[in-house]
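Peer 1: Here it is, the structure in full.
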Amino acid sequence: MSGRRGNLSFTETFDGRLINLQATMVEKTWTTRCSGFKFYIPALRPLTTRRIARICDRLSSWFTEHYGAEYRFEPEPISEGGLQIVAWPGKKEEQYKSMRFHIMNDRHTMADWPQIVPGKTIEEWRNNAPKNIFSSPWGYTFFKAFDAPVWTRDEVAMIVSAFESFGYRVLRSSIPSGKKLGSSPHKK
């Protein structure tokens, strides 16, 4: 008979003795899956494709400067939209870290995010005429990180600062705490 007891794997013989006892570590990763901050979108400053590209560029620059290594943000290719960190030091292909948008349109349904082509769309958004994406008065965010470093208060603070630098007011009481950002671990 074989089995596991805590972090130990074992093989048991017919007479009940444990043989081939090996200590094995079960690797755990932390996740982030929590509501983010709420922000006000002024009527004269709708969230446009160009502003999203500029927010991504500003965050890439700020994160790279703050952490001393290259970080890259891009629009997330998901129906409700968001910002995704597509590069950071030591990032593995399966790691995922994003801040999603939850914004309603005038018909009180989820606003439509344009189709994203990773690596290409942000360049088009930087250089082409801006298009309104969201004009709802309030936007909501949702933080996710799977098999990746959890979101930290410093990272969220930089994102809040980037949004505010473009004229979007963030409701301070809606910023998630460090405890919410690092939720319980799951086994790989």
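Peer 1: With each label point set 7 Å from Cα along the Cα-Cβ vector, what nm distance links Trp138 and Asp57?
Peer 2: For the pair Trp138/Asp57, the computed spacing is 3.2 nm.
Peer 1: If you don't mind, there's one more thing I want to ask. Between Phe146 and Tyr96, 0.36 nm times their residue separation minus their Cα-Cα distance comes to what?
Peer 2: Numbers: separation 50, 0.36 × 50 = 18.00 nm, distance 0.53 nm.
This chain segment gains 17.5 nm when fully extended.
Peer 1: Turning to a different aspect of this structure: How much length is gained if the chain between Tyr40 and Ala157 is pulled fully straight, taking 0.36 nm per residue apart and subtracting their Cα-Cα distance, in nm to one decimal?
Peer 2: 40.5 nm
Peer 1: Next question, about the same structure. Only counting other Cβ atoms within 10 Å, I'd like Leu171, Leu181 sorted with the fewest neighbours first. All intermediate terms of the calculation are to be shown ahead of the outcome.
Peer 2: Numbers: Leu171 12, Leu181 22.
Starting with the residue having the fewest Cβ neighbours, the order is Leu171, Leu181.
Peer 1: Report the percentage of all Cα-Cα pairs in the range 71-177 whose separation exceeds 23 Å, rounded to a whole percent.
Peer 2: Numbers: 1722 of 5671 pairs.
Counting pairs separated by more than 23 Å, the tail of P(r) holds 30 percent.
None of the figures in this text is laboratory data; all of them are computed from the coordinates on show. Keep in mind that what you see is a predicted model, and the values were worked out from it rather than measured. Cβ atoms come from the backbone with ideal geometry, glycine included; neighbour counts cover every protein chain shown.
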